[in-house]
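Heads up, the thing below is written out as structure tokens.
The values are calculated or read from the model by the stated rules, or taken from the named source; none is laboratory data. From a predicted model like this one, the values you see are computed outputs, not experimental measurements. Using ideal geometry, Cβ is built from the backbone for each residue, glycine included, and neighbour counts are taken over all protein chains shown.
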Amino acid sequence: MDPDSGTESQKAVSLQWESYKLVQDPAIRRVTQKIYRYDGVHFSVPDSGFPPVGDLRDPRPRRLWSRYTELSLPVPKFKLDEFYVGPIPLKEVTFARLNDNIKEPFLAEMCAKFGEVEEMEILFHPKTRKHLGLARVLFTSTRGAKDTVKHLHNTSVMGNIIHAQLDIKGQQRQKYYDLIVNGSYTPQTVPLGGKALADSIQPQTPTQSQPDTLEIRRRLSSELAVLAAGVQALTSGNITPCSADTGFSDQRID
């Protein structure tokens, strides 16, 4: 109800009406005041000159409210970039030692038995474009990735015992790739697994060279001890350097 028309009749009907309509507005036409019609028969101004309306209905089209529209909203997918700080879902699987005849359609069909595949990639040599026996498969769920590793790891596919593992952000796959591309290993001899891979790419550390240094120091100290004993024997005059370890060392030379 509009507060501008503060008449007694408007206050009287304001407690009873269920619907109203603005039938006259000074902002639209050149009139003196606003006139409201309540429930089709009551007016905010007596003798307004507008006829009452007996049959009231919603002026909006009924089809607007009876229409039913089915909506298909896409489910958002979180992107795991360098700014992601939460726990990484184990949805990525790395394959190694694949037969070079395995292509993406065959690999997709093999992995589709365990879950929906979102992305797939088979790695090739950047220069020769030879098959590296490595592949990356990203599933839409962690269950599909875990089932794939459970059922395909250490199984024979096209004559090769393939290797499948869960790989966070492809870290292990990148190490396999570097070892094969730089010529250290072939696709079928590349070391797999955490410990074997770490032993193959770990550089020589100071802890590994420490035994060699200790051995050198031990040898030097023993040689110095022998030299000191020889010098002491020479200065005593009782023995000669050549007879220190013989029976003649106990005899005095006249």
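Things to note:
- Taken over segment 165-189, the criterion of being touching a residue at least 40 places away in the same chain (Cβ under 8 Å) and over 18 Å from the mean Cα position of the chain (by Cα) is satisfied by Tyr176, Tyr177, Ile180, Val181, Pro187, Gln188.
- Any hit, segment 90-99, residues being of a type outside the set (D, E, K, R), under 20 Å from the mean Cα position of the chain (by Cα) and part of a loop (DSSP other than H, G, I, E, B): yes
Each row is one residue, and each column tells you yes or no for (1) outside the structural domain of Ile180 (by TED's automatic domain parsing); (2) assigned to a loop (DSSP other than H, G, I, E, B); (3) modelled with pLDDT under 85.
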residue: Asp2; (1), (2), (3): yes, yes, yes
residue: Ala12; (1), (2), (3): yes, no, yes
residue: Leu22; (1), (2), (3): yes, no, no
residue: Tyr36; (1), (2), (3): yes, no, no
residue: Val45; (1), (2), (3): yes, yes, yes
residue: Asp58; (1), (2), (3): yes, yes, yes
residue: Leu64; (1), (2), (3): yes, no, yes
residue: Thr69; (1), (2), (3): yes, yes, yes
residue: Asp81; (1), (2), (3): yes, yes, yes
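- Pairs are defined by a Cβ separation below 9 Å, a sequence spacing of at least 6 or placement on different chains, a first member in segment 92-103 that is crowded, with 20+ Cβ neighbours inside 10 Å, and a second member that is among the acidic types (Asp, Glu) and in a strand (DSSP E or B); the pairs so defined are Glu92/Glu119.
- Leading residue by the ranking (farthest from Ser19 (Cα to Cα)) among those in segment 29-62 that are among the charged types (D, E, K, R) and surrounded by 12 or more Cβ atoms within 10 Å (Cβ to Cβ): Lys34
- Residue in segment 115-136 that is of a type in the set (D, E, K, R), in contact (Cβ under 8 Å) with a residue 24 or more places away in the chain, under 18 Å from Asn182 (Cα atoms) and assigned by TED's automatic domain parsing to the domain that holds Leu166 present: yes
- Residue check for Glu109: assigned by TED's automatic domain parsing to the domain that holds Lys175, in contact with a helix residue (DSSP H, G or I) (Cβ under 7 Å, 6 or more places away or on another chain), surrounded by fewer than 11 Cβ atoms within 10 Å (Cβ to Cβ) and free of Cβ contacts under 8 Å to residues at least 60 places away in the same chain: no
- Residue count, segment 75-91 (criterion: farther than 18 Å from Gln172 by Cα and either among the hydroxyl-bearing types (Ser, Thr, Tyr) or surrounded by 13 or more Cβ atoms within 10 Å (Cβ to Cβ) (or both)): 1
- Some residue of segment 140-152 being in contact with a Phe, Trp or Tyr (Cβ under 7 Å, 6 or more places away or on another chain), among the charged types (D, E, K, R) and within 18 Å of Thr189 (Cα to Cα): no
- Residue check, Pro51 part of a loop (DSSP other than H, G, I, E, B) and either within 30 Å of Ser141 (Cβ to Cβ) or touching a Lys or Arg at 6+ places or on another chain (Cβ under 9 Å) (or both): no
- Failed criterion for Pro87 (all others in (1) at pLDDT below 85; (2) out of contact with any Phe, Trp or Tyr (no Cβ under 8 Å at 6 or more places or on another chain); (3) in a loop (DSSP other than H, G, I, E, B) hold): (1)
- Residue identified as surrounded by fewer than 19 Cβ atoms within 10 Å (Cβ to Cβ) and more than 29 Å from Phe78 (Cα to Cα) among Thr140, Thr186: Thr186
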